[in-house]
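S.K.: Okay, here's the structure, questions in a sec.
The values are calculated or read from the model by the stated rules, or taken from the named source; none is laboratory data. Keep in mind that this is a model prediction, so the values were computed, not measured. Cβ placement follows ideal geometry from the backbone for every residue including glycine, while neighbour counts extend to all protein chains displayed. With ligands, DNA and RNA removed, areas are computed over all heavy atoms of the protein, side chains included. Shrake-Rupley method; radii C 1.70, N 1.55, O 1.52, S 1.80 Å.
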Amino acid sequence: MIVIDSDECGVCEDCIDVCPNEAIEKRAFTIIVNAELCDDCEECIEVCPTGAIYEED
Ligand code: SF4
Ligand code: SF4
């Protein structure tokens, strides 16, 4: 599953823009991933400028 380290996230919203499934959203200045919508395409990992998004078993 896709995980976001909120300490590393700069809330640039690039991952929201790139996600094809609209699985990422901003809520109260925090970026969250909806695992039910995510298909692990990893496009968000590639676009994140701070390395805040990663895949976790
Ligand atoms: S892995 Fe793909 S589907 Fe899942 S949150 Fe990232 S961009 Fe969206
Ligand atoms: S692309 Fe990375 S830094 Fe930008 S909002 Fe998403 S997780 Fe945060």
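S.K.: Given a 1.4 Å probe and the protein chains all in place, what does the accessible area of Glu46 round to, in Å² to the nearest 10?
M.R.: 150
S.K.: Still on this model: Which value, in Å² rounded to 10, gives the accessible area of Glu55 with a 1.4 Å probe and all protein chains present?
M.R.: Answer for Glu55: close to 80 Å² accessible.
S.K.: Then there's this: Among residues other than Ile16 whose Cβ falls under 10 Å from its Cβ, what is the net charge (Lys/Arg +1, Asp/Glu -1)?
M.R.: On the way: positive: Lys26; negative: Glu13, Asp14, Asp17, Glu22, Glu25.
After counting each charged neighbour, the total is -4.
S.K.: Residues with beta-carbon under 10 Å from that of Ile32, excluding Ile32: net charge, scoring Lys, Arg +1 and Asp, Glu -1? Kindly include the intermediate steps, with their values, before the conclusion.
M.R.: Numbers: positive: Lys26, Arg27; negative: Glu25.
Net local charge, Ile32 excluded: +1.
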